[in-house]
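A short write-up of the structure that comes next.
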Amino acid sequence: MDMFSKFDCEVLCGDALQSTVAGNLLWSTSRDTQEGIDATRLLNARSFPCFCIIVHHGSQQTVQLKLERYTDADECLAEIIYGVQHADQTLQYNRERRTMSDSRGRLLQEQNAAYLDSVRADQEKAEQRLREENERRKIEEEQQRKLQEFAVFRDRLKQTLPSEPSSTENETIQVSIRLPADDPIRRRFRRNDSAKLLFEFAWTNSNVPNQFELLWGYPRKRYQYDQIGDETIGDLMNGNTETCYLEQIDEDK
């Protein structure tokens, strides 16, 4: 068995070397290959077999041990163990550096995740504000549209409201509508006029709100424009003079 074979069997493949360098990379090559030629040049190896312990310290690599002679396994292993022991400080530094790098990596991942969560939360808030703003704008536009339509409706009532019957005409009722904060408004109506005419007359007054209900009778009953069907004023009022009370209601009702 030549020297190289003995080195392989007694050192490289031995349990002692495995337990000594456990957890560290063990690499070998032949000087007959291009890889071996490059390694020989870089390590400045002069004789073979050549065994080196190379440690990383930061971004630098240091040859901690270079063994270029081989006599027997015990002597070779003793030098290798000695080299590993003296390299322990550098190896420990590298382990701590890897641990620190891993910790920084985890911290960076956590920070990135927190940043992305914050960005998503800000985007969701911005989208929610945009939805709320769009909804508010739609509501305002709808309210404005209704106001404009009702303004047209009130103007049309002023032009189409039937003329007031004279005081000498029979089958009439004098109605007084009391407003919440203004003087009452009064008008004569024919008994066979639609009860809706009471509301339409009130809407011709600029002090009357768009949405309201009228109260009259004993006990008082509440009436709204859309709730009145084909009833006439005479169907709902019996006297020759009647008083109604106007109360504003919410626009959404």
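The values are calculated or read from the model by the stated rules, or taken from the named source; none is laboratory data. Because the structure is a prediction, the values reported are computed rather than measured. Neighbour counts are summed over all protein chains in view; Cβ atoms, including those assigned to glycine, are modelled from backbone coordinates with ideal geometry.
Key figures
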item	result
Selected residue [of a type in the set (S, T, N, Q) and more than 48 Å from the chain's Cα centre (by Cα)] from SER118, SER103, SER166	SER166
GLU200, sole failed condition from (1) touching a helix residue (DSSP H, G or I) at 6+ places or on another chain (Cβ under 6 Å); (2) charged (D, E, K, R); (3) at positive phi	(3)
Some residue of the stretch 202-213 being among the hydrophobic types (A, V, I, L, M, F, W, C), assigned by TED's automatic domain parsing to the domain that holds ILE177, touching a residue at least 40 places away in the same chain (Cβ under 8 Å) and under 13 Å from GLN174 (Cα atoms)	no
Test for ASP183: is it under 23 Å from PHE150 (Cα atoms) and either out of contact with any Phe, Trp or Tyr (no Cβ under 9 Å at 6 or more places or on another chain) or surrounded by fewer than 17 Cβ atoms within 10 Å (Cβ to Cβ) (or both)	no
Positions within the stretch 79-100 being exposed (fewer than 11 other Cβ atoms within 10 Å of the Cβ) and modelled with pLDDT of 75 or more, in sequence order	THR99, MET100
Among the residues listed as THR172, THR160, the single one being loosely packed, with under 10 Cβ neighbours inside 10 Å and at pLDDT 90 or above	THR160
